[in-house]
């Protein structure tokens with residue numbers, strides 16, 4: 001450490017030559033908002049100086065803009081369905097050199113072992129994967145998931161160098177009522193001088209004070225201008241999210257001004273492999289924001305220095321002496337197409353191609369991660385008996401994880417609910433898959449729009465039970481049974497035929513294939529699901545996976561029944 005510091009100082013002072021010089025660069029200065037045309041001198045993976053330097057190892061940027069390595073401030077790697085290693089490859093291609101991740105998806109399946117697994121499998125990669133510890137496993141105490149995490153389970157992880165703090169606190173009632181375990185989790189994070197992420201979905205201004213008072217200093221759940229303003233007014237960092245389902249950037253961008261921009265940052269939260277490959281990560285946020293009229297330098301700040309400051313990462317997010325040599329080349333700020341990426345001074349993406357000869361290869365098979373363990377299911381188990389035909393329905397809002405609650409008249413046959421394609425009223429099923437409890441939640445969903453068949457998946461936030469939507473019981477049952485046979489994933493069925501499937505053998509969430517193979521499999525899956533003649537307005541798989549997330553308004557389904565976010569309680573299907 002001392003020798004490296006001495007070397008860096010000597011390089012900065014031009015007493016010795018740098019390890020590498022980047023020449024003919026247009027450096028984006030995220031501190032001043034200016035473009036600097038200077039050399040970048042690098043020593044031992046850090047930037048030593050900005051100015052005019054001489055040396056034998058020189059890379060000519062040829063007038064390209066040099067941008068700090070991008071930072072995704074909040075992402076769940078599992079939602080991409082990729083292993084950390086494959087996720088790193090896609091991220092680097094899009095200029096992302098650091099992510100802050102919350103492994104609560106796999107933690108809901110495997111508990112402590114799930115966190116350990118993600119830490120181990122993300123070690124030694126050319127992508128900095130920082131971890132926030134899952135705060136709410138299960139998301140709320142009533143959920144049925146694979147394992148519970150208490151404050152004492154998290155304590156030992158604070159010694160890990162890549163653990164930054166406590167991840168999104170989504171159980172607002174536990175904070176409000178100061179329940180003992182939640183207080184222990186919050187206090188433990190503070191005692192270790194770590195950060196705490198927010199998750200204030202549907203929380204109005206005055207109630208938001210509770211989070212701010214608990215030292216929760218950021219939030220990614222704002223979906224309206226007023227919600228965004230509330231967070232900024234109370235001193236929180238505003239995370240502007242643009243993922244596969246939750247697309248909030250266009251709605252929230254007008255809140256960003258010269259005065260408050262440095263308190264705003266971009267995140268993806270949940271993004272599927274196909275969108276990561278085709279759109280990108282926070283680089284997509286930059287492009288979209290610029291297209292919507294935001295100044296390019298401000299957009300770049302929101303994906304670099306702002307994220308670094310939010311998480312107190314004081315050696316990344318900028319191109320300046322003493323900062324890590326994480327940066328990328330782009331030819332045009334408005335188009336923001338990533339040409340080359342450097343990580344710790346190493347050329348990792350050159351001419352839009354990965355250079356990963358030295359990348360560590362992890363074995364992702366692990367007996368610590370449990371398999372699908374659901375009870376056997378028969379068609380009679382899917383029946384929904386009703387005495388009244390007026391029912392509470394979950395209504396989908398396209399490209400949002402928020403749902404509406406509505407009451408409609410439904411079709412009955414011999415006292416049981418019958419799905420109606422004409423009314424767009426389909427059956428929604430959640431089957432407990434961790435402990436063979438036999439719990440089966442049943443509901444009616446509107447807005448999903450498929451005209452035939454069924455879809456089932458083990459990606460079911462956050463407890464990751466089996467969730468299925470369909471037009472008839474036979475197809476729903478076949479899809480669920482096939483899921484168990486392939487150890488989790490996604491299955492599409494039409495008229496008694498399995499027309500598409502994707503195996504996710506790691507916790508029912510993650511593929512063991514390369515990102516390119518998974519990308520092709522997802523393209524095929526997306527193509528075949530069109531045979532169900534559903535809406536092309538939103539992603540059906542990720543939309544389905546959020547229909548059981550009880551910490552998001554308004555109406556959701558778990559294996560225990562219909563859950564009303566407003567009352568934070570279960571309600572019956574029938575509207576009485």
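Test of understanding: express the Cα radius of gyration of segment 379-571 as a ratio to 2.2 N^0.38 Å, with N the residue count.
Numbers: Rg = 15.6 Å, N = 193, 2.2 N^0.38 = 16.3 Å.
In units of the globular-protein estimate, segment 379-571 measures up at 0.96.
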Per-residue ellipticity at 222 nm for the chain, helices alone: DSSP H runs ≥ 4 residues times -39500 (n - 2.57), over residue total, nearest 500 deg cm²/dmol? -7000 deg cm²/dmol
Using Cα atoms only, what is the angle between the long axis of helix 180-191 and the major principal axis of the chain, expressed in degrees (0 to 90) to the nearest 10? 10
Hydrodynamic calc, segment 69-315: Kirkwood Rh from Cα pairs, then Stokes-Einstein at 20 °C with viscosity 1.002 mPa s, so D in µm² s⁻¹ is 120
So the pair-distance distribution of the chain, from every Cα-Cα distance in 20 Å bins, comes to percents of 21, 53, 22, 3, 0
Mind checking the log10 I(q)/I(0) for segment 1-95 at q = 0.15, 0.16, 0.21 Å⁻¹? Debye, one equal scatterer per Cα, no solvent, two decimals. -0.74, -0.80, -1.01
Kindly express, to the nearest 10 degrees and within the range 0 to 90, the angle between helix 84-93's C-alpha long axis and the longest C-alpha principal axis of the chain. 60
Gap separating the Cα centres of segment 4-33 and segment 116-134, nearest whole Å: 29
Round to a whole angstrom and tell me the spacing of the C-alpha centers of segment 417-485 and segment 184-213. 34
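What do the square roots of 5 times the Cα gyration tensor eigenvalues come to for segment 454-555, in whole Å, largest first, as semi-axes of the equivalent ellipsoid? Don't jump to the answer; show the numbers that get you there.
Values: eigenvalues 66, 60, 42 Å².
Whole-Å semi-axes of the equivalent ellipsoid: 18, 17, 15.
Suppose a student asked you for the relative contact order of segment 496-569, using Cα pairs under 8 Å spaced at least 6 residues apart; what percent would you report?
Details: 49 pairs, mean separation 11.9, N = 74.
The normalised contact order for segment 496-569 reaches 16 percent.
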Any chance you could list the semi-axes, whole Å, largest first, of the equivalent ellipsoid that the Cα gyration tensor gives for segment 100-199, using √(5λ)? 21, 16, 11
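Using Cα pairs closer than 8 Å and at least 6 residues apart in sequence, work out the relative contact order for segment 69-315, in percent. It would help to have the intermediate numbers written out before the result.
Numbers: 455 pairs, mean separation 48.0, N = 247.
Normalised by residue count, the contact order of segment 69-315 is 19 percent.
Consider all pairwise Cα distances in segment 319-423 and report the whole-number % of them above 24 Å. Write out the running numbers ahead of the final one.
Numbers: 3596 of 5460 pairs.
I get 66 percent for the Cα pairs in segment 319-423 exceeding 24 Å.
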If you take the Cα atoms of segment 186-339, find Rg, then find the Kirkwood Rh from the mean of 1/r over all pairs, what is Rg/Rh? 0.97
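Given a Förster distance of 51 Å, report the FRET efficiency between residue 191 and residue 35 from their Cβ-Cβ distance, rounded to the nearest 0.05.
The value I calculate is 0.75.
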What is the gain in length, in nm to one decimal, between residue 150 and residue 523 on full extension, counting 0.36 nm per residue of separation less the C-alpha to C-alpha distance? 130.4 nm
In whole Å, how far is the Cα centre of segment 535-576 from that of segment 299-319? 36
Note the direction-averaged projected area, equal to a quarter of the hull surface, for the Cα convex hull of segment 169-242, in nm². 4.7
Nearest 10 degrees is fine. How inclined is helix 2-12 to the longest principal axis of the chain, computing both from alpha carbons? 60
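Which values, in whole Å and largest first, are the semi-axes of the equivalent ellipsoid of segment 193-282 obtained as the square root of 5 times each eigenvalue of the Cα gyration tensor? Don't skip to the end; give the middle numbers.
Values: eigenvalues 105, 43, 30 Å².
After scaling each eigenvalue by five and taking roots: 23, 15, 12 Å.
Taking Cα pairs under 8 Å and at least six residues apart, what relative contact order does the chain come out at, in percent?
Numbers: 1399 pairs, mean separation 83.7, N = 576.
15 percent.
Specify, per residue and in Å³, the volume enclosed by the convex hull of the alpha carbon atoms belonging to segment 347-387.
Dividing the Cα hull volume of segment 347-387 by its residues yields 229 Å³.
No value in this document is a laboratory result; all are computed from the given coordinates. The structure presented is a predicted model; accordingly, all values stated were derived computationally and were not measured. Positions of Cβ are generated from backbone atoms using ideal geometry, with glycine treated the same way; all protein chains shown enter the neighbour counts.
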